[in-house]
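Have a look at the structure below, then the notes.
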Amino acid sequence: MRSLRSIVVFVAASFLAGCASDSPYLRPFVDLPAKFLEVTGIGRGEPAQGPDASPAAAGPDVWPQSDWWTGFGSPDLDRLVETAHGANNDLVAAEARIRQAIAQAEIAGAAQFPDLTISGGGQRQQSAATATSSSRTSSPIWSNRFNLQLATSYEIDFWGKNASAVESARASILASRFAAATTALTTVANVANGYFQILGLRERLDYARQSLADAEDILAAVRAREQVGTASLLDIAPQVSIVEGQRAAIASLERQLAQQSDALGVLLGTAGRPELAQIALTSLRIPQVRPGLPSELLRRRPDIANAEAQLVAANATLRNAIAQRFPSLSLTGAAGFQSGDLSRLLDPKSQIFSLAASLTAPIFAGGRLEGQEKLQRAKFEEIAATYQKSVIQAFADVETALSGTKRTLEQLDAQVAATAASRLAFDAAQAQYRVGSIDSVTLRDTERSYFNALDALAQARLGYYQALVALFQALGGGWELPGE
C-alpha cells in the first residue's frame, strides 16, 4: 500500500503542475473607443417639453436606474411592468432554467465527496444431499448467511477534473442568471414599446377621425356647390374617394390597435387586453440619461456578463477534458458484519473490513480523449469570439440608440413644424375654396398633405419614444454586475 501511494504521489508531482496551469482563464481583450460619439448634440424636445428634454444632454454621467421606466411618469406603464415581472412566461421559463443549472451544479459537485452506501441482507441456502460409502443418502444441509455493511469510495482529484466540472457548472449558474436578467430587460423594453405603440395608434386614430370629419365637411361643401352649379361630379367623386380612404385607414388602425393590445396581453401572461387610461404621448416625461465610458458596458449589460460566464464555463470544461487524459486514483473501503447466525451478526468477532486503492491510466483510446480536448478547445475559441462580438455589439447598440434618439427628435421637431405649416395651408385653402378663389384640385392637394402630415407626426412621436426605450435597453436598463 505504501509503495502504491509513493508511485501515485510521484506521478502526480510530475504532471500536476503542467495540467493545473494549462488553459487558465483570461478575459479576452476588446479595444473599445474612449467615449461615445453621439452623447451630446441631441436636439431639443417639443415645445411643451422644453429645451432640457433631450435624454442625453450635456452634463454628468447618468446611467439608467433599475426602474428606468418610471421616469416616463405613467402609472399604467408602471403597472404593466410590475405585472410582467410576475407573470411573463419567458421570465418564468428563465427562472426554471436557473433552477436546472443549480441542480446540475449539485450533480457535478457530488464527485468531490466520497460515496457512502449501506447494505444488508440475509440468505438461506440448501446444499445437495451426499451419498455415503454404504450407499445411503444423507439429508440436505441448510445454511444461513447474514451481513450488514457500510461501503465508501472516493476519487482523489489530483488533476482538478472534478473541480473543473464544478467550476463549469457554477459558471453555468451565473450564465443562466445573467440570461434571465437579459430576458427581463428585453421583456420590460417590449412592454414599454407595446404600451407606447398603443398610445401612438390611439393618436393616429384621433388624427384619422379628425381628418375624416374635415374630409366630410369638404365633401358637404363640394356637394353644396354642385347644387348651385359651380361644381360637378368630377369634383365630388375624388372627394368621396378621400372620405372613404379615411374610413379605410381608421379600420386598419383599429385592427392594428387590437393586435397590439393582444400582443401586450401576451407579454403580461394573460389572454385579455389590458385596460389603459386615455392619455397622449405628449403628456409623458422624458427620463434623463447620459452614458459614461464605453468600458462600463462590461458590467452594465447582462448579455455581456452571460457571454463571459459561458466562456468561463467553457474554459473549465476544457480543463476537465485535459484532466481526463491523466491517471485516476480511486480509494474504496468497506466495513461491517457477517455471520451465519442472525443473533451473532453484531458480535465483534463477526466484523469484516476491506480497503483498496486502484490506479487507472489511459494508454490507448483510439484518439477519443485527444478528440474531446480538441473539441472543447474549439468550443472555447468559438465562445471567446462570441464574447468579443457581444462587447462590440453592445457598443454599437449604444451608438445606434444614441443616434436614434437624436435623429428621431430632429425628425419630430421638423414634423411638428411641417404639420403646423400644412394646417395653415389647409385652412387657407378651405377658405379660398368656399369663396371660389381656388379649384377643388388645389383644395384636395392641401387636404391630402395635411392628413399625411398628421399621421406622420403621430408616427414620428412614437418613433422618438421607441428610440428612448432602445437607448435604455442598450445601456443595460440599470442592471449592474453583482459584486462590482
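Things worth noting here:
- Rel. contact order, % - alpha carbon contacts under 8 angstrom, at least six apart, the chain: 27
- For the pair residue 25 and residue 82 in one chain, pulling the backbone fully straight at 0.36 nm per residue adds 16.6 nm over the alpha carbon distance.
- The length gained on full extension between residue 259 and residue 209, counted as 0.36 nm times the residue separation minus their Cα-Cα distance, comes to 16.0 nm.
- Residue 432-residue 89 pseudo-label distance in nm [points 7 Å out on the Cα-to-Cβ vector]: 5.8
- R0 of 60 Å, Cβ-Cβ distance residue 351-residue 403: FRET efficiency to nearest 0.05: 0.15
- Cβ-based exposure ranking for 142, 63, 69, 479, in which fewest neighbours within 10 Å come first: 142, 63, 479, 69
- HN-Hα J in Hz across segment 348-353 - Karplus 6.51, -1.76, 1.60, θ = phi - 60°, x for Gly and Pro: x, 6, 8, 5, 9, 7
- Integer Hz, Karplus 6.51/-1.76/1.60 couplings in order for segment 278-291, x for Gly and Pro: 7, 10, 9, 4, 5, 7, 7, 7, 10, x, 8, 7, 8, x
- As computed over segment 308-436, the Cα convex hull volume per residue (Å³): 335
- All-pairs alpha carbon distance profile, the chain, 10 Å steps from 0, percent: 4, 13, 16, 15, 13, 11, 9, 7, 5, 4, 2, 1, 1, 0, 0
- Helices that extend 24 Å or more along their long axis by alpha-carbon positions and average at least -1.0 on the Kyte-Doolittle scale are, among the DSSP H runs of the chain, 2-21, 89-109, 161-227, 233-267, 302-323, 368-434, 440-474.
- In segment 286-400, a dipole from Cβ-located charges (positive for Lys and Arg, negative for Asp and Glu) runs towards its positive end, and of 396, 323, 293 it is 323 whose Cα lies farthest in that direction.
- Taking the Cα centre of the chain as reference, the dipole from Cβ charges on Lys and Arg (+1) and Asp and Glu (-1) amounts to some 2340 debye.
- Between residue 330 and residue 359, the simple spin-label model (points 7 angstrom out along Cα→Cβ) gives 1.7 nm.
- Which of 30, 441, 312, 191 has the fewest Cβ neighbours within 10 Å, and the rest in rising order: 441, 30, 312, 191
Any read-out appearing in this document is the output of simple, stated calculations on the displayed coordinates, not a laboratory observation. Not measured: the values here are computed from a predicted model. Using ideal geometry, Cβ is built from the backbone for each residue, glycine included, and neighbour counts are taken over all protein chains shown.
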